[in-house]
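Novice: The structure is given below, and queries will be raised subsequently.
The values are calculated or read from the model by the stated rules, or taken from the named source; none is laboratory data. The shown structure was predicted, so the numbers you read here are calculated from the model rather than taken from an experiment. Cβ sites come from the backbone with ideal geometry, for glycine too, and all protein chains shown count toward neighbours. Calculation scope for accessible area: heavy atoms of the full protein, side chains included, ligands and nucleic acids excluded. Shrake-Rupley method; radii C 1.70, N 1.55, O 1.52, S 1.80 Å.
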Amino acid sequence: MAMRIPNITNYKPKEFAALLNVTVKTLQRWDREKILVANRTPTNRRYYTYDQYLQFKGIEKDTDSRKIVLYARVSSRKQADDLENQVDFLQQYANAKGLIVDTIVRDYGSGLNYNRKKWNQLLDAVMENQVRIILVSHRDRFVRFGFDWFERFCKKFNVEIVVVKNEKLSPQEELVQDIVSILHVFSCRLYGLRKYKKQIEGDEELAEGIQDRAPSHRTAEG
């Protein structure tokens with residue numbers, strides 16, 4: 001039997017308007033005209049539910065056709081064996097839970113890189129209401145930092161990220177590479193700041209202008 005995901009998401013008017021690709025003013029008009037009536041909080045604030053979204057789109061909850069996606073990632077193609085280990089592990093988990101995997105995404109790239117093509121395509125599919133569940137072997141397989149934010153983002157579209165924790169599938173070598181990448185980024189920034197400082201010091205007119213705009217510190221006369 002397939003896993004059911006409870007509806008735990010409420011949307012503010014701005015969020016719901018974005019989900020329907022309309023303006024907030026359109027939602028307000030639909031509310032007045034009883035086309036799509038908003039719910040009200042005890043303080044009379046409007047909100048909408050995911051059930052309302054499904055009803056508006058004509059989608060039956062019991063016939064949810066959104067996909068179950070298996071997502072696996074490694075940093076480089078040299079780790080192809082580890083990538084397949086992730087896929088096999090997640091497929092076994094899905095089979096044990098009675099989940100039918102529709103799509104397997106094999107991704108290459110650092111978990112620090114938010115420009116991964118396949119990862120962004122998956123997020124696009126989430127926003128287009130094509131995904132129901134995302135299976136990952138470990139949080140850092142999805143993204144190295146900021147997982148909680150992306151998890152909340154997916155929940156806005158009633159998508160669950162299931163983390164099947166398996167520490168063996170998170171290579172230490174890859175973590176070291178990511179740490180080196182972070183150090184490299186900050187080193188470049190520090191170098192840029194030093195270079196900028198030298199440019200200021202070498203430009204007398206610019207240095208004087210900055211000094212003139214700096215707040216003066218006067219001592220109070222007794």
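Novice: On a full-extension model of 0.36 nm per residue, what is the gain between Gln55 and Thr26, subtracting their alpha-carbon distance, rounded to one decimal in nm?
Specialist: 8.7 nm
Novice: For the pair Val163/Arg45, report the inter-label distance in nm, with labels modelled 7 Å from Cα in the Cβ direction.
Specialist: The answer from the label model is 2.8 nm.
Novice: Please list, in chain and number order, the residues 5+ apart from Leu36 or on another chain whose amide H is under 5 Å from its amide H, with Hs placed from the backbone.
Specialist: Placed amide hydrogens put Asp31 under 5 Å from Leu36.
Novice: Let me ask something else about it. Provide the FRET efficiency to the nearest 0.05 for the Gln91-Asn120 pair, computing r from the beta carbons and using R0 = 41 Å.
Specialist: Using R0 = 41 Å, I get an efficiency of 0.95.
Novice: What are the extents of the Cα atoms of region 10-57 along their three principal axes, listed from largest to smallest and rounded to whole Å?
Specialist: 27, 20, 17
Novice: Considering only protein heavy atoms, what per residue accessible area in square angstrom results for region 67-163 with a 1.4 angstrom probe?
Specialist: Solvent-accessible surface per residue comes out at 47 Å².
Novice: While we're looking at this one, here's another question. Non-local amide H neighbours of Arg132 (under 5 Å, H modeled in plane, Pro and chain starts lacking H): which ones?
Specialist: The list, which skips near neighbours in sequence, is Lys67, Ile68, Val69.
Novice: For region 67-163, rounded, prolate or oblate, judged on the Cα gyration tensor with a ≥ b ≥ c (square roots of eigenvalues), a/c < 1.5 rounded, else prolate if a/b > b/c?
Specialist: In terms of gyration-tensor shape, oblate.
Novice: Multiplying the sequence separation of Lys67 and Lys12 by 0.36 nm and subtracting their Cα-Cα distance, what value in nm do you get?
Specialist: Details: separation 55, 0.36 × 55 = 19.80 nm, distance 2.56 nm.
Contour length minus Cα-Cα distance gives 17.2 nm.
Novice: What ranking, highest mean first, results for peptides 21-33, 111-123, 151-163, 130-142 when packing means the other Cβ atoms within 10 Å averaged over each residue?
Specialist: Values: 21-33: 13.1, 111-123: 15.7, 151-163: 17.6, 130-142: 22.2.
Ranking the peptides 21-33, 111-123, 151-163, 130-142 by packing returns 130-142, 151-163, 111-123, 21-33.
Novice: Take the cross-link list Lys12/Lys118; Lys57/Lys97; Lys117/Lys165; Lys78/Lys156 and give me the ones stretching past 26 Å between alpha-carbons. Walk me through the numbers on the way to the answer.
Specialist: Details: Lys12/Lys118 29 Å; Lys57/Lys97 29 Å; Lys117/Lys165 24 Å; Lys78/Lys156 36 Å.
Those over the limit are Lys12/Lys118; Lys57/Lys97; Lys78/Lys156.
Novice: Which whole-Hz ³J(HN,Hα) couplings does region 26-34 yield from phi under the Karplus relation 6.51 cos²θ - 1.76 cosθ + 1.60, θ = phi - 60°, glycine and proline marked x?
Specialist: Rounded to whole hertz, the list is 5, 4, 4, 5, 4, 5, 5, 8, 6.
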